[in-house]
Amino acid sequence: MATCRKLFVVGTGTDVGKTYVSALIVKKMTSAGARIGYFKAATSGYGYDASGRAISGEALFVKEFSGLTQEVETACPFNYARAVSPHLAARLESKPYDQGVVDRAFEAVCSQFDYVVIEGSGGLFCPLRMEGEDRILILDLIERWKAPCLVVSDSGLGSINDATLTLLTLATYGARTVGVAFNRYDAGDVMRVDNVEVVKTLTSAPVVARIPEGARTLDLDVEIVRSWFGERCERGEFVVESSSLLARS
């Protein structure tokens with residue numbers, strides 16, 4: 001595997017803002033002159049480029065939002081038309097997910113850049129392939145590529161449960177985790193403020209970003225963002241308070 005510093009952007013579920021946060025990270029790093037690329041193993045519900053060609057909508061958004069120099073075609077090896085889980089889209093479209101193809105595409109991107117943002121699909125247990133005993137989940141890619149994780153969570157209703165379970169799962173699997181970026185944050189909304197505080201109380205995960213709706217840039221020093229990549233991120237040891245349901249018999 002080529003040497004580059006990686007960051008895996010994982011979501012607490014679908015539509016929480018993984019692509020948006022990935023684009024914000026790439027934009028921040030690009031503006032500082034970093035050579036950074038973007039990669040997503042599989043996407044469902046593809047978009048189209050200016051010529052009408054089917055292409056990863058996520059990769060296209062990241063490129064247009066951030067000023068990414070990478071060719072969109074290199075960013076996502078498996079694009080599926082149907083907006084369903086990748087494993088089901090692959091079955092319906094007779095285009096099975098192939099980890100060897102993905103590894104080669106990922107290696108190619110890593111060889112071109114010093115930093116690579118990897119975006120997951122759905123949540124941690126989103127299946128990319130479910131063919132008998134041949135099962136590949138987003139969790140498997142995190143382990144395979146040894147990338148530290150940034151958890152992206154919505155800050156609205158349901159985010160306490162979703163963020164806490166995602167952090168606990170990553171800790172259980174021994175993943176190195178940067179912390180949580182809360183999307184659609186509103187400092188004037190008592191529920192969203194409280195949701196973030198409760199997740200901080202239930203876990204020891206740092207809240208690394210509170211991102212307002214429609215933000216065009218990360219309001220963070222670029223060196224903080226740079227520190228999220230690679231070996232500087234230690235394994236996260238997240239715990240749940242003894243009053244939680246997980247500690248009850």
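In table form, for the structure just shown:
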item	result
MRE, 222 nm, helices only [DSSP H, n ≥ 4, -39500 (n - 2.57), over the chain, to nearest 500]	-10000 deg cm²/dmol
Dipole moment magnitude, nearest 20 debye, region 57-176 about Cα centre, only Lys, Arg, Asp, Glu C-beta charged	160
Rounded to the nearest 20 debye, dipole of the chain from Cβ charges on Lys, Arg, Asp, Glu	260
The chain: most fluctuating residue of 221, 134, 189 per GNM, C-alpha cutoff 10 Å	134
Residue 45 long-range amide H proximity, modeled H, under 5 Å	80, 81, 82, 83, 84
Across 6/28; 40/200; 28/95; 18/63; 28/63, pairs whose alpha-carbon gap is larger than 24 Å	40/200; 28/95
Ranked by how many other beta carbons lie within 10 Å on average, peptides 167-179, 140-152, 99-111, 194-206 from highest	140-152, 167-179, 194-206, 99-111
Tilt relative to the chain, helix 190-202 - C-alpha long axis, 0 to 90 degrees, to 10	80
Per-residue Cβ neighbour rank within 10 angstrom, fewest leading, 191, 130	191, 130
Percent of beta bridges antiparallel (DSSP, the chain, rounded to nearest 5)	20
Region 15-57 and region 157-222: distance between their alpha carbon centers, rounded to Å	21
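Read the figures in this text as sums done on the coordinates, not as results from a lab. Everything quoted here is computed from the prediction, not taken from an experiment. Every residue, glycine among them, receives a Cβ derived from its backbone with ideal geometry; neighbour counts consider all protein chains shown.
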